[in-house]
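Note sheet for the following structure.
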Amino acid sequence: MPLITLKLQPLNLIIFPDWNQLEDSLYIDLEKIIIAILTHPDKEHIALLIDTSNLAEESELDPHLILSGIIFNLLFQEDLDTSIEPQIIILENLYQSDWQTILPQIKYRIKLTIENQPAIANSGVAQIPALEIANLRETSTIKVETSALLNLANQLYQQGEYAAAISRYEKLIESKNGDAETYFNLSECWRNLKQIQNSIAILEAGINHYPATGKLYFYLVTTLQQNGETEKAILTAEIAAKLLPNEYVFQLFKNLLLPIVYDSPEEIEYYRQRFIKKLDDLIQQTSLVTAEDKINALIGIGSFTNFYLAYQAYNVVETQTKYGKLIHQIVSANYPQWVEPIAMPSLPENGKIRVGYISNFLHSYSGTLWLTGWLRYCDRSKFEIYCYYTGNEPDLITQQFRDYSHIFHHKPHNLEAVSQQILTDKLHILVFPEIGMDALTIQIAALRLAPVQCSAWGHPVTSGLPTIDYYLSSELMEPENAEEHYSETLIRLPNIGVAYPKPLVGKLTNSRSDFDLREDAVIYLCCQAPFKYLPQYDYILAEIACRVPQAQFIFPRGELLRKRLNRAFAAVNLNYEDYCLFMPIATRQDYLAINFLSDVFLDTFTWSGGNTSLEAIACNLPIVTCPGEFMRGLHAYSFLQMLGVTDTIAKNESEYIDIAVKLGLESDWRREISERMSERQDNLFDDRVCVAGLESFYTIFHQI
């Protein structure tokens, strides 16, 4: 029996029957033990391990049948509670190393009338206390140890057996033996089971018992925010900031926390103005005088990003610059040796420019997947590529980054180690594929680790950091006045700016029935994250539904939008539940199947789909898009321009609705668009022209 399958309990007992004895006497002992377990006050936390090492292969005895017979007979004894079946583990073919693993987890050996003495000696179990059967059944002094129960609960939690872990954690809390970490782990179990309100309730209960535990407050604030309870999250942060004044992250939360989705345009404006004012307040209140001040602020910004700010659809360059200056001041106070200007190193003997790429996301992630193209098509006669992976979710894409690099460093979640490594490597240029999605990346980007430091559009917003010199963008995505949107010097690379690898989408093997989709439906895929959907555009879906009666809008991630969609559809006398399907999609294969099965891809206003649009194109799914004011609202527009299929690009909201309706009602036109997309995909993917433009930019620093 593989040991990984053993479901041990806090109280584990073991017996060593002699399987050569008469079956009747063996049966009597086993029955006594099982009765003792069933009458034990902690029976639900007991496991009985049974050794079978001297059971001959030719023996007619079957331990499983014997035990089943005993338990079946006990069902008819009225004085026994058999609602909980005893946990019994048959041990077979164990090696000495297996015993060494098991024995530390066994509390007692139960004595039998006739035992397998050689097995007891060989297993090493003789050192474990032995109990008579009568003592096990009659005494109540054998208690389930709190530490053992906690260890089991933690083990189940780590193994992802959340329901089983919950019952153990709850028992600890009921017996007043749970600590703050118990409450946290229990809340995480509920969160992983998608029972968010239970998770919130447990965090609140934990705070009542342990009001000085910052971890409980932190996760309560973030869980409330993720669940759309912004006001409550801010109030919680304000309480935490008073109780825990040295935990700077709560100063950030109480001042700068933003909703994930907004209820109205007025709410967007309210939180926009609030952020601007509170940022000024925070800057004034932030002290970096003492050593404690400096480290507290550094720890705080290591747990926070202002990621959601740009989704309000305003020019954020001024606000980002203020925030970036604050971050720079904090890291400068902690690492003054790493913020000084760095002279451009001369070229080495091989004449190659050393370019480094650093990210928390050098794995299969939409914000960095495009970067593989820059590396794949790099001119290795001119450039030496260094990659710094600061995350820790390596996969097949990570291996690509490793393969395409001359030097690959994996230094997860360690600012000082990766910063020192970059300085040691004496780069000429350091590129951050994205800044703003990961707190550690922002901190590192606020340092000066190379003479030239650049950001790119993995997160398509200016960094605002004084240490980032250039923003590497796309000539097709930037409006005429784009320089006004960046604190960095803007570099417009050719085409879409990246050599995006053609997605491997395969062929459709599913049908609509596999996903409970109507065969007669006109399916509109609405696959963006909820924070990309602004309330002023909700009416568009309802208008499409009015004109396309068979419309069905699929939201893989739209649960937080229910309230708004209900209001928008009700305004035109429709029930949103007749048209909107909220369907979490577990696997990439299923997601691609949904793309193939859909009729139309509806892009979001102000913040266009990037990776999702490119995958839709690979699946030949027509995209309706309307260019936004900023680069982040022009992704799908630029893809379709480069593809040469521009029929579904709208000039305004009204035209967007018309195109979406026409695609829904006119299947021939929809098919013709799809066919042209298929024929022209080579225009878009794996574009080497942009790489040549990128490398021309890199070389200018050694032409001066």
Failed item, numbered, when residue 648 is tested on (1) among the hydroxyl-bearing types (Ser, Thr, Tyr); (2) on the phi > 0 side of the Ramachandran plot; (3) open to solvent by less than 10 Å² (accessible area, probe 1.4 Å): (2)
Only listed residue being touching a Gly at 6+ places or on another chain (Cβ under 7 Å) and under 30 Å from residue 8 (Cα atoms), chosen from 186, 172: 172
Residues (at pLDDT below 85 and of a type outside the set (A, V, I, L, M, F, W, C)) located in the stretch 1-22: 2, 5, 7, 9, 10
Residue within the stretch 550-561 that is surrounded by fewer than 18 Cβ atoms within 10 Å (Cβ to Cβ), out of contact with any strand residue (DSSP E or B) (no Cβ under 6 Å at 6 or more places or on another chain) and not acidic (Asp, Glu) present: no
Every residue from the stretch 65-91 that is open to solvent by 30 Å² or more (accessible area, probe 1.4 Å) and modelled with pLDDT of 85 or more: 65, 68, 87, 88
Scan of the stretch 53-68 for residues that are within 50 Å of the chain's Cα centre (by Cα) and touching a residue at least 12 places away in the same chain (Cβ under 8 Å), ordered by number: 53, 54, 55, 63, 64, 66, 67
Residues satisfying the stated conditions in the stretch 576-590, i.e. outside any helix (DSSP H, G or I) and open to solvent by less than 70 Å² (accessible area, probe 1.4 Å): 579, 580, 581, 582, 583, 585, 587
So residue 655, is it assigned to a loop (DSSP other than H, G, I, E, B), among the acidic types (Asp, Glu) and within 30 Å of residue 265 (Cβ to Cβ): no
Test: residue in the stretch 606-622 that is aliphatic (A, V, I, L, M), over 16 Å from residue 526 (Cα atoms) and touching a residue at least 40 places away in the same chain (Cβ under 8 Å): yes
Failed item in (1) modelled with pLDDT under 90; (2) within 19 Å of residue 215 (Cα to Cα), with residue 149 passing the rest: (2)
Neighbours by Cβ (under 7 Å, 6+ apart or cross-chain): first from the stretch 229-240, surrounded by fewer than 19 Cβ atoms within 10 Å (Cβ to Cβ); second part of a helix (DSSP H, G or I): 232/224; 238/254
Matching entry among 219, 262, 183 (being surrounded by 15 or more Cβ atoms within 10 Å (Cβ to Cβ) and not in a helix (DSSP H, G or I)): 262
Subset of the stretch 281-308 that is assigned to a helix (DSSP H, G or I) and of a type in the set (A, V, I, L, M) - its residue that is most open to solvent (accessible area, probe 1.4 Å): 299
Qualifying positions in the stretch 201-216 - over 19 Å from the mean Cα position of the chain (by Cα) and open to solvent by 70 Å² or more (accessible area, probe 1.4 Å): 208, 209, 210, 212
Residues of the stretch 36-53 that turn out to be modelled with pLDDT of 85 or more and open to solvent by 40 Å² or more (accessible area, probe 1.4 Å), as a count: 1
Hits in the stretch 158-180 (condition: assigned to a helix (DSSP H, G or I), of a type in the set (Gly, Ala, Ser) and open to solvent by less than 50 Å² (accessible area, probe 1.4 Å)): 164, 165, 180
Checking residue 480 against (1) under 17 Å from residue 632 (Cα atoms); (2) modelled with pLDDT of 95 or more, the condition it does not meet: (2)
Count of the stretch 594-630 residues which are open to solvent by less than 10 Å² (accessible area, probe 1.4 Å) and among the charged types (D, E, K, R): 1
Counted residues, the stretch 265-280 - those being among the basic types (Lys, Arg), over 13 Å from residue 313 (Cα atoms) and open to solvent by 50 Å² or more (accessible area, probe 1.4 Å): 2
Tally of residues being within 20 Å of residue 478 (Cβ to Cβ), β-branched (Val, Ile, Thr) and touching a residue at least 40 places away in the same chain (Cβ under 8 Å) across the stretch 638-693: 2
Selection from the stretch 503-548 of residues that are assigned to a loop (DSSP other than H, G, I, E, B) and surrounded by 14 or more Cβ atoms within 10 Å (Cβ to Cβ): 503, 505, 510, 517, 521, 526, 527, 528, 529, 533, 534, 548
Flag if residue 633 is modelled with pLDDT under 95, closer than 23 Å to residue 261 by Cα and crowded, with 18+ Cβ neighbours inside 10 Å: no
The stretch 1-14 - residue that is surrounded by fewer than 19 Cβ atoms within 10 Å (Cβ to Cβ) and touching a helix residue (DSSP H, G or I) at 6+ places or on another chain (Cβ under 7 Å) and, of those, farthest from residue 85 (Cα to Cα): 3
Which listed residue, of 638, 608, 674, is among the small types (Gly, Ala, Ser), under 26 Å from residue 556 (Cα atoms), in contact with a Leu (Cβ under 9 Å, 6 or more places away or on another chain) and not in a helix (DSSP H, G or I): 608
Qualifying positions in the stretch 23-35 - open to solvent by less than 80 Å² (accessible area, probe 1.4 Å), modelled with pLDDT of 85 or more and of a type outside the set (Val, Ile, Thr): 26, 27, 29, 30, 31
Residue list for the stretch 518-541, restricted to those being at pLDDT 95 or above, touching a strand residue (DSSP E or B) at 6+ places or on another chain (Cβ under 7 Å) and not hydroxyl-bearing (Ser, Thr, Tyr): 521, 522, 523, 525, 526, 541
Unique residue being modelled with pLDDT under 95 and more than 30 Å from residue 344 (Cβ to Cβ) when the list is 682, 658, 668, 599: 682
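The values are calculated or read from the model by the stated rules, or taken from the named source; none is laboratory data. Since this is a predicted model, take the numbers as computed values, not measurements. Cβ coordinates were reconstructed from backbone atoms using ideal geometry, including for glycine residues, and neighbour counts include every protein chain displayed. Just the protein is used for accessible areas: all its heavy atoms, side chains included, with ligands, DNA and RNA removed. Shrake-Rupley method; radii C 1.70, N 1.55, O 1.52, S 1.80 Å.
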